[in-house]
Amino acid sequence: MNQHHESTGPVDEQQITLRGPADLADALPYLMGFHPNDSVVMVALHGGRGRFGGRLRLGIPQSPREWPSVAGQLAECLIKGSERRGERPDAIVVFLCQDPAEGENGNQIMERLRPLAQHLRTACGAFDVPVLEALCISDGRYWSYCCPDKRCCPTEGNPMVMPGTSVMAAAAAYAGIQVRGTLREMEARLAPPSTSAADGQQRAFDSVGAELIPKLLDETGRAEVSRQTLGLAGRLMKRLAETPVTTPSLSDINDDRLISHDEAAEMILGLQDRETRDRAAEWMEGPEAEAALRLWRVLSRRCVAPYEEHAAAPLTLAGWVSWSTGDEPGARVALGLALKADSQYTFAQLLHEACNQGLDPETLRRCLRGERSARMNRPDHSTEHATRHPAEHGTRHPSVRRSRQHALHRTNARRKKAPQSPVRPGAVPGRRGTGRTPGRRGSRSGR
């Protein structure tokens, strides 16, 4: 395989040479920010030195019948997206990552996924962009679909390098880049637990929903629910902020204990109103952001069956706060799960597309700051918020959806001017659509 060079910082700074499949396989977690599970990852390469560019991640479709169409969509999304940013890829690297199921081994995984690798190579070739390398990573080993030389790429595969021992690992540590664990572990922090607690949360949804849903369908009632939801959010954020953060797993457990089933149900159902959710998005920076992110994670974990689709709102808010505060891997995971919960969720689609392209969230932050400032300067502001905690200021909802969507579209329309970090996490192609009306089993207000 040809040598591939990857810069570890802005242009003209130190560069690292990735000399073959082993180095590429080792670099993948640093490119993504986590170890991808059951994923197709495609990375664009630019220039003669093979600088890493845009990247996409998608769960491997279970049915091989979907592989040809998915391959075409991924190739088009990556290549056309790069062209819109003014950088058509000169080549592409493909990774297929999947752990063996019971009774399988890595070699069987590699052979089973070989047709998918070929579909991806063919799809990229249809756009006149070659696949420089296609790797399968499974069970601690890697295989090349492109190298026919059994001396360097044997049938049984090659073992992955020991974590933390490579040049790429050293460069990432020097640059302060962290690998968060596996994609599965990151998703687990946002998923409902499979415990008896789910029964109590479901009963709370049924009880609270009987009161709130009729109000959400009425204009006057919706305004009342919005005020109640955002007021409760402010109190819960204050409660969380007063509780120290420990390790992620312990913090999640402690945060779950701080919020009751009824409080979670009231918050989640209230956030199904898009304007309420948009107002909640203003907690995006500074001290508010950390408490808000913890709250959105708790609420995401409370969306138990049959209310799984309601998770799109808190997951999208978690993705937005993560992106706004510089955690792009966390943002992509949360937004990907939001679209998995509801593929038609417009706010998640817009954020996902912008985050995938490595753009700057400041455009949307500026819009939200302006809306909050304008609202707080209204003559009736002091009366509206006289009884609220400071974190709750700015929580009555104006009709501002258009300006926010315009901000996101402006963000998507131009690339971030600052130099991109070459080790930038992976992404999933965005999806488009519309939403529904609030109610049980996944029906919500339009997005």
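The values are calculated or read from the model by the stated rules, or taken from the named source; none is laboratory data. These numbers were taken from a predicted model, which means no experiment stands behind them. Quick reminder, even Gly has a Cβ in these numbers, built from the backbone with ideal geometry, and neighbours come from all protein chains shown. These accessible areas exclude ligands, DNA and RNA; they are computed on the full protein's heavy atoms, side chains included. Shrake-Rupley method; radii C 1.70, N 1.55, O 1.52, S 1.80 Å.
Conditions: (1) surrounded by 19 or more Cβ atoms within 10 Å (Cβ to Cβ); (2) among the hydroxyl-bearing types (Ser, Thr, Tyr); (3) touching a residue at least 60 places away in the same chain (Cβ under 8 Å). THR363 meets all but one. Number of the miss?
(3)
Only one residue in ARG151, ARG141 is modelled with pLDDT under 90, farther than 12 Å from LEU24 by Cβ and not hydrophobic (A, V, I, L, M, F, W, C), so which one is that?
Details: ARG141 fails: modelled with pLDDT under 90.
Sole residue among the options that is modelled with pLDDT under 90, farther than 12 Å from LEU24 by Cβ and not hydrophobic (A, V, I, L, M, F, W, C): ARG151.
Going through the stretch 93-127 one residue at a time, which ones are buried (at least 18 other Cβ atoms within 10 Å of the Cβ) and part of a loop (DSSP other than H, G, I, E, B)? Step through it out loud before you land on a result.
Initially, the stretch 93-127 is screened for residues buried (at least 18 other Cβ atoms within 10 Å of the Cβ), giving 93-98, 106, 109-110, 113, 116-117, 119-121, 123-124.
Scanning the stretch 93-127 gives a single hit, GLN98.
Which number in (1) open to solvent by 30 Å² or more (accessible area, probe 1.4 Å); (2) at pLDDT 85 or above; (3) outside any helix (DSSP H, G or I) marks the one condition that MET162 misses?
Condition not satisfied by MET162: (2).
For the structure I just gave you, tell me whether GLY72 is open to solvent by less than 30 Å² (accessible area, probe 1.4 Å) and modelled with pLDDT of 90 or more. Talk me through it step by step, then tell me what you get.
On the way: open to solvent by less than 30 Å² (accessible area, probe 1.4 Å): yes; modelled with pLDDT of 90 or more: yes.
Spelling it out, GLY72 is indeed open to solvent by less than 30 Å² (accessible area, probe 1.4 Å) and modelled with pLDDT of 90 or more.
I'd like the full set of residues that are open to solvent by less than 10 Å² (accessible area, probe 1.4 Å), in contact with a strand residue (DSSP E or B) (Cβ under 7 Å, 6 or more places away or on another chain) and part of a helix (DSSP H, G or I), limited to the stretch 75-92.
LEU78, GLY81, SER82, listed by residue number.
Being surrounded by fewer than 20 Cβ atoms within 10 Å (Cβ to Cβ), at negative phi, among the charged types (D, E, K, R) and outside any helix (DSSP H, G or I): is that true of ARG57 here? If you could, list the steps in order and put the result at the bottom.
Working: surrounded by fewer than 20 Cβ atoms within 10 Å (Cβ to Cβ): no; at negative phi: yes; among the charged types (D, E, K, R): yes; outside any helix (DSSP H, G or I): yes.
It is false that ARG57 is surrounded by fewer than 20 Cβ atoms within 10 Å (Cβ to Cβ), at negative phi, among the charged types (D, E, K, R) and outside any helix (DSSP H, G or I).
Provide a single number: the residues in the stretch 32-53 that are more than 15 Å from the chain's Cα centre (by Cα) and either among the polar types (S, T, N, Q) or modelled with pLDDT under 90 (or both).
7
With ALA241, ALA311, ALA281 as the choices, which residue is in contact (Cβ under 8 Å) with a residue 12 or more places away in the chain, surrounded by 24 or more Cβ atoms within 10 Å (Cβ to Cβ) and not basic (Lys, Arg)? Please lay out each step first, then the result.
Details: ALA241 fails: surrounded by 24 or more Cβ atoms within 10 Å (Cβ to Cβ); ALA281 fails: surrounded by 24 or more Cβ atoms within 10 Å (Cβ to Cβ).
Result: ALA311 is the single residue among ALA241, ALA311, ALA281 that is in contact (Cβ under 8 Å) with a residue 12 or more places away in the chain, surrounded by 24 or more Cβ atoms within 10 Å (Cβ to Cβ) and not basic (Lys, Arg).
Given the criterion modelled with pLDDT under 90, acidic (Asp, Glu) and surrounded by fewer than 19 Cβ atoms within 10 Å (Cβ to Cβ), identify the matching residue among GLU224, GLU211, GLU219. Walk me through how you get there before you give the answer.
On the way: GLU224 fails: modelled with pLDDT under 90; GLU211 fails: modelled with pLDDT under 90.
Just a single option satisfies the conditions, and that option is GLU219.
Listed here are the residues, each with its yes/no results for (1) surrounded by fewer than 20 Cβ atoms within 10 Å (Cβ to Cβ); (2) at pLDDT 85 or above.
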| position | (1), (2) |
| --- | --- |
| ASP342 | no, yes |
| ASN356 | no, no |
| PRO390 | yes, no |
| GLY394 | no, no |
| HIS397 | no, no |
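Of the residues in the stretch 262-278, how many are surrounded by fewer than 20 Cβ atoms within 10 Å (Cβ to Cβ) and closer than 19 Å to PHE205 by Cβ?
Of the residues in that region, 1 qualify.
Of the residues in the stretch 289-308, how many are closer than 19 Å to GLU275 by Cβ and touching a residue at least 60 places away in the same chain (Cβ under 8 Å)?
Adding up the residues that qualify gives 1.
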